[in-house]
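Structure, as structure tokens:
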Amino acid sequence: MQQQTTRRAHNFNAGPSALPLAVLEKAQQELVDFRGTGMSVMELSHRSAAFDSVHNQAIALLRELLSIPNNYEVLFLQGGASLQFSMIPMNLLQPGKKAAYAVTGVWAEKAFIEAELVGDAYLAASTAEGNHKRIPSLDELKYDASDAYLHITTSNTIYGTQWKEFPRTGNVPLIADMSSDILSQPIDVSQFGLIYAGAQKNLGPSGVTIVIIRKDLIENANKSLPTMLRYSTFSESNSLYNTPPTFGIYMLGEVLQWAKEQGGVDVLAKRNAEKTALIYHAIDEGEGFYLGHAERDSRSLMNITFRLKTKELEDKFIKVAEQEGFIGVAGHRIAGGCRVSTYNSVPYESCKAFSEFMTDFRKKHE
Ligand code: PMP
């Protein structure tokens, strides 16, 4: 029988996005009979020993890959990163306290707006003027030692900017939405009070949200919230208070295992830098034809944003790119232009092929 090779698109979607082929193939192979249980992982009870080991293995791998200290809990929640926009102030913004928000894009702003609904939130910085082309410098940030926390968005998915260093906030907990860049580079978890991320970019399919939270923040959180909105509910039940998204957690575990086998976060970071260098090079080499959105020192290693010199050319670029198998090249509907997301699972070869496509397209249309 002739062997059929799987056709895989060059997938630059912003999320849900590419997953490692090896993970998909393993999931396919295990789908009908998961490790001798006679059922798929989706059909297991979430209280069974078989699922317990999937769940705990995913937590252990995340702890290992990010060197998460013991005084932090890893929680698996639902409701996306968007529910965290509300849960964070509900749990951590106590009456009489203020929360500071650095607004560096649409998602950061959404987080800020939710906090304003819950309590007293103010802007630590905003890059709205200039259309979120840059990350504020650390001395630009205004927050106070008495604040409940400072919130930042480490990679701004829509604008393609990324924080290169994080503020040292002392006793003020630093809270980070890392939806777009968790696991893409090494971080020092102890610099943060809370880190959160929807899984659907670097970690797995949509449906699971990861929260890494310092234990004292859980202990001192608002106790009068509805059960499903309290972090303590999930820390006390190992994230098994109610039925978790079992298949998503299984896939998360497999993606983390894959990340470990690749050599861990350091290796992934090096690969990500090489991948994005190819595409940023195509932008810079074609300066004037391609117009990068982010300022150079704020460029994201996960989301690359640019425009073409005319709208007509931009539309053509996106159309031809799609015909050539490059998917997800159109920018977010709010920002327009072009965007490619080069998450951990996007292969080097896809980035190379796309950078060559960019150069070819420019030469034909300059
Ligand atoms: N934060 C960032 C940085 C994002 O990119 C997104 C989604 N693209 C969100 C939050 C919202 O995530 P969710 O759809 O999981 O609620």
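Please specify each residue of segment 6-34 satisfying the condition of being among the hydroxyl-bearing types (Ser, Thr, Tyr) and either over 25 Å from the mean Cα position of the chain (by Cα) or surrounded by fewer than 20 Cβ atoms within 10 Å (Cβ to Cβ) (or both). Passing the criteria: only 6. Whether any residue in segment 99-120 is open to solvent by 20 Å² or more (accessible area, probe 1.4 Å), charged (D, E, K, R) and over 30 Å from residue 305 (Cα atoms) is what I want to check. The answer is yes; a qualifying residue exists. For segment 35-88, filtered to residues that are within 16 Å of the ligand (Cβ to nearest atom) and part of a loop (DSSP other than H, G, I, E, B), the residue that is least open to solvent (accessible area, probe 1.4 Å) is 79. Would you please name the residue that is nearest to the chain's Cα centre (by Cα), looking only at residues in segment 181-201 that are within 16 Å of the ligand (Cβ to nearest atom), of a type outside the set (Val, Ile, Thr) and more than 16 Å from residue 252 (Cβ to Cβ)? Applying the filter and picking the extreme gives 181.
Take residue 322 and decide whether it is under 20 Å from residue 17 (Cα atoms), free of Cβ contacts under 8 Å to residues at least 12 places away in the same chain, outside the structural domain of residue 203 (by TED's automatic domain parsing) and surrounded by fewer than 21 Cβ atoms within 10 Å (Cβ to Cβ).
Criteria met by residue 322.
Condition test on residue 277, is it assigned to a loop (DSSP other than H, G, I, E, B) and of a type in the set (Gly, Ala, Ser)? No: the conditions fail for residue 277.
The values are calculated or read from the model by the stated rules, or taken from the named source; none is laboratory data. Note that the structure is predicted; figures quoted are calculated from it, not measured. Positions of Cβ are generated from backbone atoms using ideal geometry, with glycine treated the same way; all protein chains shown enter the neighbour counts. What goes into the accessible areas is simple: the full protein's heavy atoms, side chains included, and nothing from ligands, DNA or RNA. Shrake-Rupley method; radii C 1.70, N 1.55, O 1.52, S 1.80 Å.
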